[in-house]
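See structure below.
The values are calculated or read from the model by the stated rules, or taken from the named source; none is laboratory data. Only a predicted model underlies this, so the values are computations on that prediction, with no experimental measurement involved. All Cβ positions, glycine included, derive from the backbone under ideal geometry; neighbour counts span all protein chains shown.
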Amino acid sequence: MARSQRLTWEDLKTLTRQELLPRLEREQEYWARKERRGLTPDDQAARKEFTNMLFTVLNPDGLADSMAEDVAWLSGQRSTASSYWDKKPGHDKP
């Protein structure tokens, strides 16, 4: 099996949430396997960094806003659907 490339902060600036989802899933599986075997201090730091990236991509507040926008769109109160999944999450950070 080919080794997958780890996610970077630059990826969050260049890829949309939709493009990032498969990468997030693969890396989450990688960390789950690694955690079962045990993590070194370097692994723990890298896992924490991945978790920070995961929360940046998912952005629960942004997702809630997106859902509200989509509901408004579906009920005819807004002219377009949310673009949450098409945004590049690395640009959401202040």
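Just a yes or no: is a residue in region 43-56 farther than 14 Å from Lys87 by Cβ, modelled with pLDDT of 90 or more and not in a helix (DSSP H, G or I)? For region 43-56, residues farther than 14 Å from Lys87 by Cβ, modelled with pLDDT of 90 or more and not in a helix (DSSP H, G or I): absent. Of all residues assigned to region 18-40, none qualifies as being surrounded by 14 or more Cβ atoms within 10 Å (Cβ to Cβ), at pLDDT below 90, out of contact with any strand residue (DSSP E or B) (no Cβ under 6 Å at 6 or more places or on another chain) and closer than 25 Å to Tyr84 by Cβ. Given the structure, is Leu63 without any contact (Cβ under 8 Å) to a residue 60 or more places away in the chain, of a type outside the set (S, T, N, Q) and part of a loop (DSSP other than H, G, I, E, B)? No. Contact map, region 24-50: first residue over 15 Å from Arg6 (Cβ atoms), second residue not hydroxyl-bearing (Ser, Thr, Tyr), Cβ cut-off under 8 Å, separation 6 or more or different chains; pairs are Glu35/Arg47.
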